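Presented below is the structure to which this report refers.
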Amino acid sequence: MEVKVMNQNEKKEVMGKFAKKLENAIKREVAVTKEIENDKALIKYLEAQKAAGAALDTTAYESHDAWIDTVKKQIKKSESTLTNIEFKKVELEAVKQYLA
């Protein structure tokens, strides 16, 4: 099997497409940050409801604690996404240097 070696223009075309993918992923940062803020507000609300002895607003969870645990897991996942976005910013900077 022969391996095709790309010329400089082909490499730059591939990297340009990769840069677009990175830019699109980075655009999610604002939405993910907002999601974390909303989830933190939901936890405060749920903790207040639990402290007041209020009934659950949904039947999807068996208790306030179960709901809170689920939201905390969502926050961890979102924070991991933000960490990945930060790495994508560094990658994008390197790709742009290459393309320059």
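Principal axis extents of the C-alpha atoms in the chain (largest first, rounded to whole Å): 68, 32, 15. Rounded to the nearest 20 debye, the dipole magnitude of the chain is 440 debye, with +1 charges on Lys and Arg beta carbons, -1 on Asp and Glu beta carbons, and the Cα centre as origin. Ignoring the sites themselves, the chain has its longest run without GluC sites (Glu not before Pro) in a DSSP loop having at most 13 other Cβ atoms within 10 Å at 3-61. Only protein heavy atoms count here; under a 1.4 Å probe, Asp39 has an accessible surface of about 20 Å². The residues of the chain expose on average 76 square angstrom of accessible surface per residue, using a 1.4 Å probe on protein heavy atoms. Across the chain, Cα pairs under 8 Å and at least six residues apart give a relative contact order of 47 percent. Solvent-accessible area assigned to carbon and sulfur over the chain amounts to 55 percent, based on a 1.4 Å probe. When nucleic acids and ligands are ignored and a 1.4 Å probe is applied, Lys12 ends up with an accessible area of around 60 Å². On the beta carbon distance between Ala48 and Lys17, with R0 = 35 Å, the FRET formula returns roughly 0.15.
Between Val90 and Glu37, the contour length at 0.36 nm per residue exceeds the alpha carbon distance by 16.6 nm.
The values are calculated or read from the model by the stated rules, or taken from the named source; none is laboratory data. Note that this is a predicted model, so its numbers are computed, not measured. When we count neighbours, we look across all protein chains shown, and the Cβ atoms used for this are built from the backbone with ideal geometry, even at glycine. Keep in mind that these areas ignore ligands, DNA and RNA; they rest on the heavy atoms of the full protein, side chains included. Shrake-Rupley method; radii C 1.70, N 1.55, O 1.52, S 1.80 Å.
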